[in-house]
């Protein structure tokens, strides 16, 4: 894979807060990279310094071998779709899409051809003459995308472009976005805090935490082998379960597993322990855990089939432990489950090894 | 050693970029600079010149200009200025409040009404002064025409200093009430109607609703209006010049009368300095009393 | 109560409307009635018995009305244009600064605006005298600019602030240099504030007396219409004055009526509100 863009020791301080703090990252040519992170970790800032509307405090951004970190935005040839689309409200959809071409002093005939091509691709040909303020959310998003795509830039930055759409439109737009990216073969850098977007769109996902990249890899790699307990906790539909590893004869540290990695054997319910009701549907059960020969009671909360939420008893790093089960348990039931896979983390939360027990 | 060097270069880079951020702001300040320089050059420097010149007699520092000011009618003109300003402000506030409250209600012809009361905002002061000079003519005139038509006795409007000042302070309402009304109307429209409904339900009568809801809501705006209008009120010049000339004197006519003769020009500088002081004192007073919070925003 | 119209309100409305309309009415009577019905009577009638254009036609022939009006027009357009020339960059720059700094600059401009006109006009006229700007269109315009500039900057800054921040960034990302960003994106979007600022500056200049009077004193043909009007009033030429007042007031009335919906208290009182 060719490296399209490279961040070296990138810092961005705003007053005394360190938004980007020694960030290093490589983006491959033609990939769909999703930058994922909780809000306030500098995702948007990363895009803004990349495109040049904010200055770096220190460091370099290298694109195609050239340091672009000191160029003004209009000289970088990077396209960006802002979260609120930033469509020019005084123009029609056509004029919006044509704007970057006009700025590049392209001949009128070429502008016309390119705009009609891209609007065919994005299915907005029929709204081209409308003022953008009259368009629906989905149409606005497409116009913004068209404006970014039309000028053939070196790289595309998208700042949560789907977050303003309602849920149904969002799912459709997501799959189309992926399709367009694959068809055109462009490099996309896509910022979001939505994991389902990261999972379905990305070739790779970079997790941003406190201004630096915590881990980068495919979404599946991140799910299976989170390099730290923080990532394990952050990524996935449910947070990873963590329990104290020493109880299982492991060195000092933490054992992490996903609820899908645990299987509950039939007829292994035994004994009774006290149990508290958390809500209508959710209560937690104390249950035994069977792994590496060690048994330990843990809290287990149940919703319908999967579970989450409970208070801890002090043995566990996290108070919530979830395990999938198709069975309904009654208050006072004691259950036992088996771990097919688990990761072992050191006391600082760094991954030591990934164990496949099967 | 190697690590140390690396750190140093890293941090010097950071420092350099920090400087760049302030430079970015500097660009924006540069955009504003021509306008700011214009305002400073054409107002602060002249004001300083006036104050400076007022302390000069034959090129030397002296309080002479101030010591003779009373004999040019300083005290009377300060008193007259205050009377006109306070009176005019009161008239404008009351009329403006009435207009603003009426404009809050729906009634037939409300659009025409608001046009009629707002149009005078655009009238030239000198036109207003001319028209009111026709209305308040000593003998005859339109005001007396109205009085006579309704069977009253005509009034000799310019009969004493007080009535002269009264005519000036009244005539000022026409051009200047609209602005005050617009400011107060802005305040009234920001009060939620549900507040009035709730108060009605709680048994508050019209008067109580006015004192407990309306007045507190527009109190800051009244102080803004007092500041904006009050300062302009101290500056009225064309209106008294046309209506009453130099008798009785107000501060501005005193300044102008002495300015127009070369020999007494230093006197006019001293009087101008006094006016400047009064306006500054008034602004600080209004800001401290009412508008300070709004102003700080 | 808020939904019903109290009949009492019509009495208040009528009284206020009469009060504010009456001065116009007086001007109308003086200008269009034969003098025997106005100045010829000790107590002039309140309703016109006869309408004539003689006063106006005669006035136009007797005194130079067009000269001062044309000068006023020139001055007003210079003042309005210069206000935009200085006010647009200033409004943009100040809008870009942090709120703390920009509020201080705006407050400073308005405090300056409170300086007594006469106090400032006098030394300005002396400077202009040495710069040979006395009695010139440019001199009057430059002096009046001082009155309108703070409000212009404030209104235009408000316009820039109301724009989404990313719009300007988007234009730069789309490859537009600063000039195109202004010309094609920013300025078209704040055309309403620009128009309001221009109209208010224009009107202020058109009506302004003190600075015009001091900088371009009484040479009627050389001064703007308020100064010329003052001259005719003091020379006791009420018919000519009335004609003058009428002609000069018509454009302002039209402007106020057309732009009435934009005349808002918070605009006109400047940065002092909110």
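Could you work out how far the C-alpha centroid of the range A:139-165 sits from that of the range C:41-93, in angstrom? Answer, in whole Å: 54. The per residue volume of the convex hull around the alpha-carbon atoms of the range B:121-195 is 141 Å³. For the range B:78-210, the Cα-based Rg and Dmax, in that order, read 18.5, 56 Å. Label separation (residue A:196 vs residue A:175): 1.3 nm, computed from points 7 Å beyond Cα along the C-beta direction.
Across the range C:29-128, Cα-Cα pairs farther apart than 23 Å form 61% of the total.
With r as the distance between the Cβ atoms of residue B:153 and residue B:280 and R0 = 41 Å, compute the FRET efficiency 1/(1 + (r/R0)^6) and round to 0.05. Calculated transfer efficiency: 0.35.
The reciprocal of the average 1/r between distinct C-alpha atoms defines the Kirkwood hydrodynamic radius, which for the range C:7-52 equals 11.8 Å. Here the alpha carbons of the range A:63-182 define both size measures, Rg and Dmax, at 14.3, 42 Å. Here the range C:18-37 is scanned for amide nitrogen atoms under 20 Å from the site 7 Å beyond the Cα of residue C:46 along Cα-to-Cβ, giving C:18-34, C:37. Counting only DSSP beta bridges whose two residues both lie in the protein assembly as shown, roughly 70 percent are antiparallel. Going from the fewest other Cβ atoms within 10 Å to the most, the residues A:48, A:174 appear in the order A:174, A:48. With contacts taken as Cα pairs under 8 Å at a separation of at least 6 residues, the range C:135-274 carries a relative contact order of 30 percent. Both the radius of gyration and Dmax for the protein assembly as shown are 37.8, 122 Å, in that order, over alpha-carbon atoms. Averaged over the residues of peptide C:89-97, the number of Cβ atoms from other protein chains lying within 10 Å of each residue's Cβ is 6. If you wrap the range C:68-268 in the convex hull of its Cα atoms and look at it from every side, the mean projected area works out to 12.8 nm².
Note on C:243, C:204: ascending count of other Cβ atoms within 10 Å places them as C:204, C:243, the fewest first. Distance from the Cα centroid of the range C:152-189 to that of the range A:1-69 is 26 Å (rounded to whole angstrom). Give me the base-10 log of I(q)/I(0) for the range A:1-75 at each q in 0.17, 0.23 Å⁻¹, Debye formula, one uniform scatterer per Cα, rounded to two decimals. Here the Debye-derived log intensity ratios amount to -0.63, -1.14. Using the Cβ-Cβ distance between residue C:64 and residue C:28 with R0 set to 30 Å, the FRET efficiency from 1/(1 + (r/R0)^6) comes to roughly 0.80. Sorted ascending by nearby beta carbons within 10 Å, beginning with the fewest, B:197, C:50 become C:50, B:197. Using just its DSSP H runs of length 4 or more, each adding -39500 (n - 2.57), the protein assembly as shown gives a mean residue ellipticity at 222 nm of -16500 deg cm²/dmol after division by all residues.
For the range B:67-296, the Stokes-Einstein estimate of translational diffusion at 20 °C and a viscosity of 1.002 mPa s comes to 109 µm²/s, using the Kirkwood hydrodynamic radius over alpha-carbon pairs. At q = 0.14, 0.25, 0.34 Å⁻¹, what is the base-10 log of I(q)/I(0) for the range A:162-206 according to the Debye formula with one equal point scatterer per Cα and no solvent? Please give it to two decimals. Calculated log10 I(q)/I(0) at the listed q: -0.31, -0.98, -1.40.
Taking all Cα pairs closer than 8 Å and separated by 6 or more residues, the relative contact order of the range A:87-241 comes to 16 percent. Each Cα pair under 8 Å and six or more residues apart adds its separation to the average, and for chain B the resulting relative contact order is 27 percent.
Throughout, read-outs are computed from the coordinates displayed, never taken from laboratory work. Just so we're clear, the structure is a prediction, and the values are computed from it rather than from any experiment. Quick reminder, even Gly has a Cβ in these numbers, built from the backbone with ideal geometry, and neighbours come from all protein chains shown.
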